[in-house]
Each structure stands twice: as structure tokens, then as C-alpha cells.
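Undergrad: Just dropping this structure here.
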Amino acid sequence: MAGGGFGAASGGGDVEAKIMPPVIISFIMTASGGLMIGYDVGISGGVTSMPHFLKELFPVVYKKTQDPGLESNYCKYNNQGLQLFTSSLYLAALISTFFASYMTRALGRKLTMFVAGILSMAGTVFNAAAVNLAMLIIGRILLGCGVGFANRVVLLFHSEIAPTRIRGALYTLFRLNNAIGILFANLINYRTNKITEGYGWRVSLGLAAIPACLLTVGSLIVADTPNSLIEPGKLEEGKAVLKRIRGVDNVDPEFLEIVEASHVAKEMKHPFRNLLKRRNRPQLVIAIWMQIFQQFTGINAIMFYAPVLFHTLGLKSDASLYSVVITGAVNVLSTIVSIYFVDRAGRRVLLLEASFQMFQCQLVVAIIMGHNLKDHSNNLDHGLAILVVFMVCSFVFSFGWSLGPLGWLIPSEMLPLEAHSACQSVAVCTNMLFTFIIAQAFLSMLCNMKFGIFLFFTFWVFVMTTFVVVLIPETKGVPIEEMTERVLKQHWFWERYFEDNPKGKLHALNYLTSSYLDLKLRISSLIFERALTKCSDALFSWIALFPMKIIPATSHAFYSFSISFINSVVKAVLNCM
């Protein structure tokens, strides 16, 4: 998954500090939080392809997978309930992120992590014991709430506990453990699928309790962060905790920095309105679109439904799960590669090279499937099936060392301190929203668009490449406090958002583009503000009914638009074969 989020901006220079036991526990909690999120992301795809799981909870889908001539090869898994099993986690995570943001301020980081662990364990119990779809969805919603809370608080906790010099390492550890959690889920699915008694899927879903339990126990052991004590005015307690976690008595510089940051945060009464100020517009646009590109280039469609996809290609159940294990291992390896190259090669170089590689991979998969996999016939031989698996792994590899981490890192580097928290929330919510859309719509899109779904992803890779070339500046080696002056104000397009009188310096086309963005963001802000302040009851009722009433219409409109847009491209590819 392209999940994760980014931590709080680092303040000032490094201070005197030792690596004390609370910091080591922070490492462990960061690892367990990353494993929990990664495992919950990776486990659903393998479970949805297990025959015993389908037979017990989705008998209609099971029947279609067992009868070769009953349904199109592309439509065997097309079922709204099956998609809801995967996507409901992300809808719940999206909504819970708002509550988590409030809870971290009101109740502290420690209690928020405890709640995240308890919700995840409760969700695990419901999933492992599920006897019907309702229990399954309730379990996934509880897991989603746990993921939303953990995603918000774990990185915030470690960024406030760890000395400045190792904050980057802890962020990388979180990302790496996301990938390891996905790999573990794939390995467990491969093993539990061999349990002939038919309860293997329950074991797969139930083992999610292990990282959730580690997070819960860890939250009971550690003290709350100095920031969470200083924010409500407990200055002496906060200073005492700061001395304990740093292992030194001279903590006055860092203590005063935290107090000042807390004071600034309290004075900011409308953080989202501040985010929409003209000078913060470039960072907001980049943060939102990087999250959209993460989903619409197809990574989570593969992470969620790779076993289903490989089974659609004709691979047996064990072979498809084994292929997913390979994909998960590639994801871990690519994250390690990213750690080495991100500060050496630069952000733009990694993004552009990976874009070219992802474009090729998606296009090759589309051509192979379009030429060999028809509705009721499959001409894919073993060699071509292996080639498709290789292309999928190549795509995952290129994403894992580029857009995966950089989709969070680049916006985080650009954000000014006063807009950081608000923009982080917007980015996380955008990511969760589009993750939910892809999870809920992918199998329906695969059924209706067939191999054209990969041309759809190819198109979005092209759009992302254009966006990077035109609008993403290089941020390697630039201090955060100098980012505006040295990067954004020097960029040919973004510089206009920092001019006192931009109208006199803009060409007509550029001015219209800028005005359009301003108008669009202002309208969105007005609608959002009015919905929250005057229509909260109706809004939450709409959210409650969204899975039951809106999802089918949204999914249909989504892939109908995609079909009409890409139809000409599909015909052109077929004519060239």
C-alpha cells in the first residue's frame, strides 16, 4: 500500500540527547504499527482468492470461479460485497482520521495508540469468527478505525520522542515495516491456503491480532510525549519526561522550542483556512495530486487483488499466491533501494525513471491480456503468464523506490510549519478516499473494461509523468526552512503564488490557469466549511449510508467514464495486433 503519512516537521537543529529505553520502545512501536497496517493491507487480497473463504461467505463468486463457462474470465470475482470486504477498511480509516486528529490533541498520543490497538484487536476477532458478510464488514470497519488512528499517531509519537538525528530513520523504518507486513501477509496466505480443513482464511485474518497486541502493550509501557503534556499546560511534567527520554538534564533549548511551537499552534484558530492561503497553494496542490497518482497508477489495485488477477490469468490458487509472495518480496527490496538512492539521485530522477518503467509494465500487461485472454477463452501459455507476473513485479519495484515513499516525502519537505498538520490531514484523507475508490471499483472495472483497465492505469502514469516534469521541483538537499525561497519562488509556475502583484506579470493563459485553481479551491473550501458547520447531521447520515447507496452508482459512473475515455485507445491497440 502507498500508505504511511508523514511525520511532523523537524524543528531546529539537533540537541544533546542519548538513545534511552523510551526511544528504543518507540522504534518497536513504530515497527509494530507499520506491520499492523501493512498486514491489514496485504491479507485481504489473498483471502478473497481462497476457495474455502468464497464457498462459505460468497457462494455466488465461488460458483463462478469453479465453472469455467459460467462467466467471463474477467468477471468471475465481480461482486460488490467482495469489494466492500476490502474497501470498507479504507472508508473507516478515512473517517477515523478526523477523530484521531482530535484525540491526539485532547487525550494524548499514548491513549490514542492504545485505542488503535484495541480497535484493531476487536476487528480481528470479528473477522476470524465471521459467519456472514455483516460480521466480516464490521470487523474490517473496526480494523479500519485502528489503521486510521495508528496511521495518524504512530509517526507523530516517534517524531516527538526521537532525537532529531534519527527521525528520518524511524520514518524509513515505518515504511519498511509496511512492506514487511504485506510480505508476511502474503506468506501466511500461501501457507494457510494449504489447510485442507477449510479454516485457513480464519487463521490469516486472526493473525492480524499479533502486531495489534504489540502496539497495545507498547502504548501501556511508554510515557506520553513531552508535546502532549506541554500542549494542555502541564509544563513541569512535560519537562520531566523530556529529561527522562533524552537522558540529560540540559533540555532547556528543546523544551522552549516545544513550548513556542505549542503556543503558535494554539493561536492558529483556522488551520485549514490558513492552508488555503495563496502562499500555501502550491504545496497543497502537490500533496493532493501525489496521493491521487499513488492510487490511479494502479499500485493498490495490484496489492489488494494480485491473487485474483493472477488467478484470472489462469494460474492455480497456490501458484497465484506464490506469485504474490514474490511481489511482496520485491516491494520490501524496493523500499530498501529507496533508502539508499533517495538522497543521492534526487527526487525527480527517481520519479521520472520509475514513471517510464511503470508505463512500460502496464502497457505490456494490457497488450498481452488483450491479445490472449478473452471472455471465455484463455490462450495464455505458461511463459506469457510468467511474463505478466514479471511485469507486475517490475511495476511494484519501480513504484516502491519512487512514488511510494516520495509521494509522502516531497509534500512533507515543502510544507511550512504553520500549514504542516492541516496539509498532512488533507493528504492522508485524499489517499484513503482514493484507496477506497480503487478497492471498491477495481473488480467491476476489470469486468467491464477487461484488459483496458491496464490502459487506464497507463494513461494515469503518463499524466503523472507530465505533472512531475512540469510542476515538481527538486527538493534534494534543501533545508525545510529554505524551501520556499530556494525552490518554490524559483519555479517557473509556482513563483506567481508568492508575488505581491501577480496579475501584471502573468500571461493571459497562465493567469487563467491560476485563477481557475484559486476559484476551484475557494469553492471547495466554502462547501467543506459550510458542510461541517451547518450540515453536520446530514453529512454524517450521508457518510453512514454511503456504502449502501452511493457505492454502486459511484462505481458505475467511474468505470463508465473510463470506458468512454479509453475506448478509442483500446480499438487502436487491437487494430495493431
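The values are calculated or read from the model by the stated rules, or taken from the named source; none is laboratory data. As the structure is a prediction and not an experimental result, all values here were calculated from the model. Ideal geometry is used to build each Cβ from the backbone, glycine not excepted, and the neighbour counts take in all protein chains shown. Remember, those area values only see protein heavy atoms, side chains included, never the ligands or the DNA or RNA. Shrake-Rupley method; radii C 1.70, N 1.55, O 1.52, S 1.80 Å.
Undergrad: How many residues does segment 211-228 hold that are over 28 Å from the mean Cα position of the chain (by Cα) and surrounded by fewer than 22 Cβ atoms within 10 Å (Cβ to Cβ)?
TA: 2
Undergrad: Related question: Tell me, please, whether a residue that is more than 19 Å from the chain's Cα centre (by Cα) and under 14 Å from Phe184 (Cα atoms) can be found in segment 294-317.
TA: no
Undergrad: Going through segment 297-317 one residue at a time, which ones are modelled with pLDDT of 80 or more and of a type in the set (Val, Ile, Thr)?
TA: Passing the criteria: Thr297, Ile299, Ile302, Val308.
Undergrad: Return the total of residues in segment 131-159 being closer than 30 Å to Ser228 by Cα and more than 22 Å from the chain's Cα centre (by Cα).
TA: 0
Undergrad: What are the residue pairs meeting all of these: first residue in segment 43-61, first residue under 15 Å from Asp318 (Cβ atoms) and assigned to a loop (DSSP other than H, G, I, E, B), second residue open to solvent by less than 10 Å² (accessible area, probe 1.4 Å) and at pLDDT 90 or above, Cβ atoms under 7 Å, and 6 or more apart or on different chains?
TA: Hits for this filter: Met50/Gly200; Met50/Trp201.
Undergrad: Taking Leu119 and the conditions (1) part of a helix (DSSP H, G or I); (2) closer than 28 Å to Phe397 by Cβ, which numbered condition does it fall short on, given that it satisfies the others?
TA: That leaves (2) as the condition not met.
Undergrad: With Phe255, Phe304, Phe310, Phe293 as the choices, which residue is surrounded by 15 or more Cβ atoms within 10 Å (Cβ to Cβ) and farther than 25 Å from Ala439 by Cβ?
TA: Phe255
Undergrad: Looking only at segment 435-491, how many residues end up being touching a strand residue (DSSP E or B) at 6+ places or on another chain (Cβ under 9 Å) and among the charged types (D, E, K, R)?
TA: 1
Undergrad: Quick check on Asp318: is it over 29 Å from Ser425 (Cα atoms), among the acidic types (Asp, Glu), open to solvent by 20 Å² or more (accessible area, probe 1.4 Å) and out of contact with any Leu (no Cβ under 6 Å at 6 or more places or on another chain)?
TA: So Asp318 passes the test.
Undergrad: I would also like to ask the following. Residues in segment 68-77: is at least one in a helix (DSSP H, G or I), surrounded by fewer than 18 Cβ atoms within 10 Å (Cβ to Cβ), out of contact with any Gly (no Cβ under 7 Å at 6 or more places or on another chain) and not aromatic (Phe, Trp, Tyr)?
TA: no
Undergrad: Another question, if that's okay. Given the residues Met414, Met445, which is the only one that is modelled with pLDDT under 85 and either among the β-branched types (Val, Ile, Thr) or open to solvent by less than 20 Å² (accessible area, probe 1.4 Å) (or both)?
TA: Answer to the selection: Met414.
Undergrad: Of these, Phe114, Phe85, which one is open to solvent by 60 Å² or more (accessible area, probe 1.4 Å) and either closer than 15 Å to Gly148 by Cα or at pLDDT 85 or above (or both)?
TA: Only one candidate passes the filter, namely Phe114.
Undergrad: Something else about it: If I filter segment 192-210 down to residues being modelled with pLDDT of 90 or more and of a type outside the set (A, V, I, L, M), which single residue comes out as farthest from Phe255 (Cα to Cα)?
TA: Tyr199
Undergrad: While we're here: For segment 340-352, check the following and say yes or no: at least one residue is open to solvent by 40 Å² or more (accessible area, probe 1.4 Å), in contact with an Asp or Glu (Cβ under 8 Å, 6 or more places away or on another chain), basic (Lys, Arg) and more than 22 Å from Ala439 (Cβ to Cβ).
TA: Scanning segment 340-352, I find at least one residue that is open to solvent by 40 Å² or more (accessible area, probe 1.4 Å), in contact with an Asp or Glu (Cβ under 8 Å, 6 or more places away or on another chain), basic (Lys, Arg) and more than 22 Å from Ala439 (Cβ to Cβ), so the answer is yes.
Undergrad: Also, I was wondering about something else. Say we look at segment 189-208 and pick out the residues that are surrounded by fewer than 21 Cβ atoms within 10 Å (Cβ to Cβ) and of a type in the set (A, V, I, L, M, F, W, C); which of these is farthest from Tyr62 (Cα to Cα)?
TA: By that ranking, first place goes to Leu207.
Undergrad: Quick test of your reading of the structure: Pro59 fulfils all but one of (1) in contact with a helix residue (DSSP H, G or I) (Cβ under 9 Å, 6 or more places away or on another chain); (2) modelled with pLDDT of 85 or more; (3) surrounded by fewer than 24 Cβ atoms within 10 Å (Cβ to Cβ); (4) over 19 Å from Leu215 (Cα atoms). Name the failing condition by number.
TA: The failed condition is (1).
Undergrad: OK, next. Return the pair list, or none, for Cβ contacts closer than 9 Å from residues in segment 343-358 that are farther than 15 Å from Phe395 by Cβ to residues that are surrounded by fewer than 17 Cβ atoms within 10 Å (Cβ to Cβ) and at pLDDT 85 or above, at least 6 apart or on different chains.
TA: Going by the 9 Å Cβ cut-off, the qualifying pairs are Ala345/Glu353; Gly346/Glu474; Arg347/Glu474; Arg348/Val469; Arg348/Glu474; Val349/Glu474; Leu352/Val469.
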